[in-house]
């Protein structure tokens, strides 16, 4: 059963800026769904439409069977939303913030007090509940923000860049809390530009670029489309203006090699997809050097979601960032 379905969901700003372009998504109830892409790809706009904060220009979406425009009030009852920007009050305590959000949802006071304790335990903030939020660390504040989105027991939780700006140790802890929430039965849609985050957490991933989805599937299935290993070759800076000509020459030379699966141009050189990268690198470099094609650097990687992004866009996410 799908808890989210969108059909050609589109958002255009000022009649000319295409933020989201014909988005078609299906998110199953109970899964963690990752929306992966660089900043400016349309991830936040997508979430704002799905959470009823922004009206689509065209197309439509359904959340739990409710139209996101026609039945916005019904949608809001079953969703929680933790935005990129802090939505908590720094000069109030953690408990006061949660009580405030509970009042927003018209939760009975007696029930709310118990619910606040339950949520504080869930995100491991009970011992810090009566401290001012401005004394919290970045990770504690992020956990409190997520807690505010859970106060009314939503069926579906939207997390927009949940670990943005956090150090790796804190990010790992947030990942653990997200997985814990999912185990409690909450469906989660998260946006991220962190490759390892999407790979680690997501049951399904949609890779988005320039407002439209370029690939969708499980992380394992998406990576399996990258045949073999990836060798990333860069040209020296002094020959960058000739890179198109150099790529065509290299492609002509390498494409007939039995261990080369495919070749793709990049901003600084090319990606060569091969079987057994460790053995392929010295052979490639010898052949290219013999043909006077100088390579500045060589990087070998196993298939990753960044390679998937590269396959469909010709760029790495980190290059876009």
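The values are calculated or read from the model by the stated rules, or taken from the named source; none is laboratory data. Computed from a predicted structure; not experimentally measured. Ideal geometry is used to build each Cβ from the backbone, glycine not excepted, and the neighbour counts take in all protein chains shown.
Here the stretch 143-173 is the region considered, the condition is being assigned to a helix (DSSP H, G or I) and in contact (Cβ under 8 Å) with a residue 60 or more places away in the chain, and the residue that is farthest from residue 193 (Cα to Cα) is 148. The residue pairs whose first member lies in the stretch 36-51 and is in the same structural domain as residue 193 (by TED's automatic domain parsing), whose second member is in a loop (DSSP other than H, G, I, E, B) and buried (at least 24 other Cβ atoms within 10 Å of the Cβ), and whose beta carbons are closer than 6 Å, counting only pairs six or more residues apart or on different chains, are 43/37.
With the structure loaded, tell me whether residue 28 is without any contact (Cβ under 8 Å) to a residue 60 or more places away in the chain and in the same structural domain as residue 152 (by TED's automatic domain parsing) or whether it fails that test.
Here the answer is no, as residue 28 does not meet what is asked.
Among the conditions (1) under 20 Å from the mean Cα position of the chain (by Cα); (2) touching a residue at least 12 places away in the same chain (Cβ under 8 Å); (3) within 30 Å of residue 2 (Cβ to Cβ), the only one that residue 176 does not satisfy is (2). Where strands (runs of 3 or more DSSP E) sit wholly within the stretch 23-69, those with at least 3 residues that are surrounded by fewer than 18 Cβ atoms within 10 Å (Cβ to Cβ) occupy 58-63. Filter the stretch 196-219 down to the residues that are in contact with a strand residue (DSSP E or B) (Cβ under 7 Å, 6 or more places away or on another chain) and assigned to a helix (DSSP H, G or I), then identify the one that is surrounded by the fewest Cβ atoms within 10 Å (Cβ to Cβ). It comes out as 219.
Against the numbered list (1) crowded, with 17+ Cβ neighbours inside 10 Å; (2) not assigned by TED's automatic domain parsing to the domain that holds residue 33, residue 192 comes up short only at (2). Condition first: at pLDDT 85 or above and either more than 23 Å from residue 282 (Cα to Cα) or surrounded by 19 or more Cβ atoms within 10 Å (Cβ to Cβ) (or both). Now tell me which residues in the stretch 294-303 satisfy that. Answer for the stretch 294-303, where residues must be at pLDDT 85 or above and either more than 23 Å from residue 282 (Cα to Cα) or surrounded by 19 or more Cβ atoms within 10 Å (Cβ to Cβ) (or both): there is none. Contact map, the stretch 179-191: first residue on the phi > 0 side of the Ramachandran plot, second residue surrounded by 14 or more Cβ atoms within 10 Å (Cβ to Cβ), Cβ cut-off under 7 Å, separation 6 or more or different chains; pairs are 185/30. Only one of the numbered conditions (1) at pLDDT 85 or above; (2) in a loop (DSSP other than H, G, I, E, B); (3) exposed (fewer than 14 other Cβ atoms within 10 Å of the Cβ) is not met by residue 257, and that is (3).
Just to be sure before I move on: is residue 272 outside the structural domain of residue 214 (by TED's automatic domain parsing), in contact with a helix residue (DSSP H, G or I) (Cβ under 9 Å, 6 or more places away or on another chain) and either farther than 30 Å from residue 199 by Cβ or part of a helix (DSSP H, G or I) (or both) in the structure I sent?
Values: outside the structural domain of residue 214 (by TED's automatic domain parsing): yes; in contact with a helix residue (DSSP H, G or I) (Cβ under 9 Å, 6 or more places away or on another chain): yes; either farther than 30 Å from residue 199 by Cβ or part of a helix (DSSP H, G or I) (or both): no.
So residue 272 does not fit the description; no.
Per the listing 246, 233, 222, the residue uniquely farther than 23 Å from residue 207 by Cβ, at pLDDT 85 or above and surrounded by 13 or more Cβ atoms within 10 Å (Cβ to Cβ) is 233.
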